[in-house]
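Encoded as C-alpha cells, the structure appears first; notes follow it.
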Amino acid sequence: MRAAPGRLRRGRECVARRTPEPTEFAGRSAGSRRPALPPGPGPLARGPAARSIRSMLLLTRGPMAWHRLSQLKPPALPGTLRGQALHLRSWLLSRQGPAETGGQGQHQGPRLRTRLLITAVFGAGLGGFWLALRAEKERLRQQQRMEALRQAAVGQGDFCLLDHKGQARCKADFRGQWVLMYFGFTHCPDICPDELEKLVQVVQLLEAEPGLPAVQPVFITVDPERDDVTAMARYVQDFHPRLLGLTGSTEQVAQASHSYRVYYSAGPKDEDQDYIVDHSIAIYLLNPDGLFTDYYGRSRSAEQIADSVQRHMAAFRSILP
C-alpha cells in the first residue's frame with residue numbers, strides 16, 4: 001500500500017526539523033546542560049548581548065558595583081536582544097539592598113563637610129580682608145581730611161577770654177583735654193540753643209562710654225556787648241554743669257573768632273534795642289595738643305559727632321614734647 005505524496009512530504013519536513021545540526025553539539029559533552037539565565041524574553045547565548053551581560057555580572061563583584069551598574073547603559077541591540085539586556089539590568093537592580101545604597105551616602109558625607117568647611121574659611125577670609133580694606137580706606141580719608149584742615153590754618157594762635165565765673169581762660173589752659181567748642185550768643189532765638197543741646201548730648205554720649213577721656217564743652221559768645229560774665233553764667237547753667245561760657249572785650253572776641261574762621265555780624269537794632277547776630281554755625285573739636293581736629297555742621301547728628309570724636313580719640317598721637 002502506497003502512502004500519499006502529501007503525507008510523505010510532511011513526514012520528511014518533521015524529520016528534518018527534529019534532526020539536529022552537527023554544529024549544535026560541537027564542544028559539548030554528552031549529558032551537559034546549558035546554565036540557567038534569569039527569566040526574560042528569550043535566551044542570550046553569544047554576541048553583543050552576552051558580552052553586555054557578562055560585563056554587568058562582573059561589575060556586581062566590586063565595592064562600587066551598584067553605583068556603576070546604575071550608570072551603565074546597554075548597547076543598542078536589534079529586536080529582542082535589546083529587550084533582554086534591559087530586562088537583565090532591571091532584574092539586577094531590583095535585587096539591590098539597603099547596604100549598597102547607604103555606602104555611597106557615607107562616602108558623600110565627608111566630601112560635603114569638607115566643601116562646606118572650605119567655603120566657610122574662604123568666606124571668613126574674604127570678610128576679614130574687606131573689613132581691613134575698609135578700615136584702611138577710612139584711615140586714609142581721615143588723614144587726608146586732617147591734612148586739609150591743617151593747611152586751612154584753623155585755630156592757629158592763642159586767645160584769652162573770661163569764663164562765666166570771671167576767671168581768665170586761655171587756649172593753653174585746655175591743653176591735655178578734648179574740647180568741643182561752639183560760637184553763638186545768648187539772645188539767639190533757636191539755632192544756638194539747638195546746637196548747644198546737641199553739643200551737650202554728644203558729651204553725654206561720650207561720658208556713657210567707659211574708658212574714654214572727658215570732653216570739655218565750651219561756648220564762646222560773638223555778642224560781647226550783651227553777653228557779659230553774668231549773662232553767660234545765667235545762660236550756661238541751663239545746659240550742662242560742665243559747660244564753660246567764655247566772653248571778653250570786642251577785640252578779644254574778634255581775635256578768637258577770627259582764629260577759627262567764624263563769621264559774625266550784628267544786625268540792625270529794633271525799637272527795643274534788640275538785634276540778631278548773624279554768624280557761622282559749627283561745632284569745633286580740639287585735641288589734647290590744643291590743635292583743631294574737626295568740625296561739624298548742623299546736618300550732623302549727635303550720634304554721628306560722638307562716633308567721629310571716638311575715632312579721633314582712637315587715632316590720636318600727641319606731637320608735643
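Descriptive notes on the structure:
- Shown for the stretch 160-315: the carbon plus sulfur share of the solvent-accessible area, taken with all protein chains present and a 1.4 angstrom probe, equals 48%.
- Loop trypsin sites (Lys or Arg not before Pro), the stretch 220-256 (other Cβ atoms within 10 Å of the site Cβ: 13 or fewer; DSSP): none
- Exposure of Cys188 as accessible area (Å², to 10), given a probe of 1.4 Å and all protein chains: 20 Å²
- Put simply, the amide H of Ala282, placed in the peptide plane, has neighbours under 5 Å in Phe183, leaving out anything fewer than 5 places away on its chain.
- Accessible-area rank, largest first, for Ile220, Ile276: Ile276, Ile220, with all protein chains present and a 1.4 angstrom probe.
- In order along the stretch 263-273, the Karplus-derived 3J(HN,Hα) couplings, from 6.51 cos²θ - 1.76 cosθ + 1.60 at θ = phi - 60°, round to 8, 8, 7, 7, x, x, 7, 8, 5, 8, 6 Hz, and Gly and Pro are given as x.
- The stretch 255-260 - phi-based ³J(HN,Hα) in whole Hz, Karplus 6.51/-1.76/1.60, Gly and Pro as x: 5, 5, 5, 5, 4, 9
- Residue ranking by accessible heavy-atom surface, 1.4 Å probe, largest first, among Ser299, Ser280 comes out as Ser299, Ser280.
- Placing a label point 7 Å from the Cα of Cys170 along the Cα-to-Cβ direction, the residues of the stretch 227-265 whose backbone N falls under 15 Å from that point are 256.
- Extension gain, Asp158 back to Glu225 (0.36 nm per residue minus Cα-Cα distance, nm): 21.9 nm
- With both labels modelled 7 Å from their Cα along Cα-to-Cβ, the Ala315 to Glu251 distance reads 4.0 nm.
- For Arg261, the residues 5 or more places off, or on other chains, whose built amide H falls under 5 Å of its own are Gly155.
- Solvent-accessible area per residue, Å², over the stretch 196-321 with all protein chains present [probe radius 1.4 Å]: 51 Å²
- Among 248-258, 123-133, the peptide with the highest mean count of other Cβ atoms within 10 Å heads the list, and the full ranking is 248-258, 123-133.
- Spread of Cα-to-Cα distances over 5 Å intervals beginning at zero, given as percent, for the stretch 160-315: 2, 9, 20, 23, 22, 14, 7, 3, 1, 0, 0
- Each residue of the stretch 175-190 is assigned a 3J(HN,Hα), and the resulting list reads 5, x, 10, 7, 10, 10, 10, 9, 9, x, 8, 6, 8, 5, x, 9 Hz, derived from the Karplus form 6.51 cos²θ - 1.76 cosθ + 1.60 (θ = phi - 60°), x at Gly and Pro.
- The antiparallel fraction among DSSP beta bridges confined to the stretch 144-275 stands at about 35%.
- Heavy-atom SASA rank of Met181, Met313 (probe 1.4 Å, accessible area, largest first): Met313, Met181
- Interchain or long-range residues, amide H under 5 Å from Asp294's placed H: Leu285
The values are calculated or read from the model by the stated rules, or taken from the named source; none is laboratory data. Here the structure is a predicted model, which is why all the values come from computation and not from measurement. No Cβ is skipped: glycine too gets one built from the backbone with ideal geometry, and neighbour counts run over all protein chains shown. Just the protein is used for accessible areas: all its heavy atoms, side chains included, with ligands, DNA and RNA removed. Shrake-Rupley method; radii C 1.70, N 1.55, O 1.52, S 1.80 Å.
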